[in-house]
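The values are calculated or read from the model by the stated rules, or taken from the named source; none is laboratory data. Bear in mind the structure is a predicted one, so any value in this text is a computation, not a measurement. Cβ atoms come from the backbone with ideal geometry, glycine included; neighbour counts cover every protein chain shown.
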Ligand code: IMP
């Protein structure tokens, strides 16, 4: 299919999103020429928009999208990470032609349960479990080559074919000194520490920004690799002084170790931007998989208690090398309650027996560090904010089953500051965010076990009401509901049936 024709599909699926967002006049005006439905509603604002400047409407081909076509879809965490993105990616990957990780590193961890097998992956996208899906580690990811090669070994040991993996030559490498600096930085902060995963993520992204990073492609040239390591170490001498005698910092040792990784990775290293565009140009489906969550975003999250990359949907463009118009849908994955690992504000946090009970039921212990996660009620103020900054078109609500058995469920719809101020919106000021507490709407709980439920209509009325409340408050439809850890333990909603790759969509087609 010629590129131009294939690109016609981009934007067409925004019918749903535009329909939802007609109140966003500016945005709708932009899209009005593209989408028939919207141009009818807002036709009158087309010739002169906003301040009266004239803008020639962009001519777009008529929508070729049908709800059974899988579009370019971004999948992000819409809370503080650990929402269950791995499972949703795994489900979508089944029907996708490519899955691309676009940021973060092995600070992430996803658990995929397949029958009796459990896979714990940190770097390699869960698409790897699908033989025919191209599986990409994009340029925006930071790669610890030891973790990557260990993961490859483990997958091969379990007879998973890894030949479809491709690693961007431009992705940055986590070096031994990044991990040391991460440890040292946290130790220095003492009580103020962020609670990082200590995987070297922050120092690696810092080197990237300082243009001192070592990239995957550098592993293929010994001379360049050595030169770059010397340059990267030079400005760190002072901070690395406590590790001066550590053999891991020896130049020759690092170079040899990383060259070995390079040999092992060589067959996977590629120009991944080109590979992704080839798929898009052929009208194929690409899933862009984020790590962490919106509230850990370095720009939009609870800074400085955040990770060092951008887990929001916009970063899919940068971290995979596509443009905004290559993205058709943005799915936000959430848990039916809240969790957070590490330090930082968490307005709906619970403690005591209730927190322990949710933590135990939900198995809320980190895949990467094993740390007990902080738990709380669902925070709709934060979720509405996440929906905004990601342009969410759908929600996947995971772990609904964990909430069975509570008489009442609390849903945070507003924050209250220490002096009584009310916040309907997520406060931008750090001090305020640290001091607000949640105000809640009380909703009835349900007692039924949900793990066998596969149809939305078979959910207890209270569970349906709980989900409806979330969806209405945030203004985003729910596509998928998780009711257990296994990949079959999901419910595709009616809205989900019309979206990418759902089983319902497939059966509708049949
Ligand atoms: P870093 O990403 O290791 O620098 O850690 C920064 C913050 O992000 C810490 O609070 C971590 O606990 C948190 N974090 C990083 N990755 C994840 C994740 O995958 N899930 C949840 N929290 C994460």
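Listed values, structure above:
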| item | result |
| --- | --- |
| Lone unmet requirement of (1) more than 13 Å from the ligand (Cβ to nearest atom); (2) part of a helix (DSSP H, G or I); (3) within 28 Å of residue 267 (Cβ to Cβ) for residue 213 | (2) |
| Subset of region 364-403 that is part of a loop (DSSP other than H, G, I, E, B) and at pLDDT 95 or above - its residue that is farthest from residue 104 (Cα to Cα) | 377 |
| Candidate set from region 366-385 (those that are away from the ligand (no atom under 11 Å from the Cβ) and more than 15 Å from residue 337 (Cα to Cα)); member that is nearest to the chain's Cα centre (by Cα) | 385 |
| Odd one out for residue 198 among (1) part of a helix (DSSP H, G or I); (2) under 17 Å from residue 343 (Cα atoms); (3) in contact with a helix residue (DSSP H, G or I) (Cβ under 8 Å, 6 or more places away or on another chain) | (1) |
| Tally, over region 265-281, of residues that are farther than 22 Å from residue 148 by Cα and either in contact with a helix residue (DSSP H, G or I) (Cβ under 9 Å, 6 or more places away or on another chain) or buried (at least 17 other Cβ atoms within 10 Å of the Cβ) (or both) | 4 |
| Pairs with Cβ under 7 Å, 6+ apart, first in region 343-372 and without any contact (Cβ under 8 Å) to a residue 24 or more places away in the chain and closer than 28 Å to residue 431 by Cβ, second away from the ligand (no atom under 12 Å from the Cβ) and assigned to a strand (DSSP E or B) | 355/375 |
| Qualifying strands (runs of 3 or more DSSP E) (wholly inside region 417-492; at least 3 residues being without any contact (Cβ under 8 Å) to a residue 40 or more places away in the chain) | 437-444 |
| Extreme residue, nearest to residue 330 (Cα to Cα), among residues of region 472-492 that are at pLDDT 95 or above and surrounded by fewer than 17 Cβ atoms within 10 Å (Cβ to Cβ) | 475 |
| Failed criterion for residue 203 (all others in (1) away from the ligand (no atom under 16 Å from the Cβ); (2) surrounded by 12 or more Cβ atoms within 10 Å (Cβ to Cβ); (3) assigned to a helix (DSSP H, G or I) hold) | (1) |
| Some residue of region 226-233 being within 16 Å of the ligand (Cβ to nearest atom), exposed (fewer than 13 other Cβ atoms within 10 Å of the Cβ) and modelled with pLDDT of 95 or more | no |
| Count of region 282-320 residues which are farther than 24 Å from residue 200 by Cα and crowded, with 22+ Cβ neighbours inside 10 Å | 3 |
